[in-house]
Structures are given as structure tokens and as C-alpha cells.
Amino acid sequence: MNRYSRAAVFLLVGTTACRKDKLREVDYMVGCASCDVTYLNDEGTTAQQTTTGSWKYTMKVPEGRNLSLKAESNNSIGGVTVSIRVDGEPFLTQTKNDTFAVAMVAGLVP
């Protein structure tokens, strides 16, 4: 392998490795009358809380990180919407309008 080939391989590997370390801004959003929210937080652990109305959680995480957001309605009134945005762009959304609805989205940070 000549020195130009080695340099090209180094640049390609170096560029790929840097992309994995890039942090992306992720927004979890929930809309419900009253619901229990379960999500993977910025440390990659499961967190839970109860909310009414609108709820939002923002974090910075590396590409490839697991994302998960679930909301379970605490009553039979209204539905539940869960959404994930990455760098301000819509990524995943689900709406359920059933009695005691459950909505969930999950994926990897692109």
C-alpha cells in the first residue's frame, strides 16, 4: 500500500469515527389530558413521570443512541400523541385516540 492509499484509508476511517461522536439535539414531546410518560433519558436509562397537557424533554445525544418514548393515558378522555424531533426536524410520531390510549415511538438517532 503506497502512502497515498494509507492517507486515504486514514481519512476515511477518521471521518467515520468522528461522525459517531457527533451530538444531536433530540426533543421528546407528549400531548395528553393526563398520562404517564416513560422514556430513555440522556444517560440511556429509563425515566418516568406523570404529566398533564403538554410535556417536553430535550437532550443532546450521539448518533446511533437508542430513543424510546411512551405515554399511557390515565383517563378515558382524549387521546395521546408522542413525538420525537432530531435537530428540530420531525423524526417519529404516533397518536392514539382510544380509551386509556397508549402511544409509543422508538428508534436510533440518525
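The values are calculated or read from the model by the stated rules, or taken from the named source; none is laboratory data. As the structure is a prediction and not an experimental result, all values here were calculated from the model. Every residue, glycine as well, gets a Cβ built from its backbone with ideal geometry; the counts of neighbours run over all protein chains shown.
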Can you name every residue in segment 51-74 that is over 13 Å from ASP27 (Cβ atoms) and loosely packed, with under 12 Cβ neighbours inside 10 Å?
THR52, GLY53, ASN66
Every residue in segment 63-81 that is assigned to a strand (DSSP E or B) and of a type in the set (A, V, I, L, M), please.
LEU67, LEU69, ALA71, VAL80
Could you figure out which of (1) aromatic (Phe, Trp, Tyr); (2) modelled with pLDDT of 60 or more; (3) out of contact with any Cys (no Cβ under 9 Å at 6 or more places or on another chain) isn't true of PHE10?
(2)
Take the residues in segment 74-96 that are modelled with pLDDT under 95 and of a type in the set (S, T, N, Q), then tell me which one is farthest from GLU43 (Cα to Cα).
SER76
In segment 71-110, which residues are among the aromatic types (Phe, Trp, Tyr) and more than 30 Å from ASP21 (Cβ to Cβ)?
PHE100
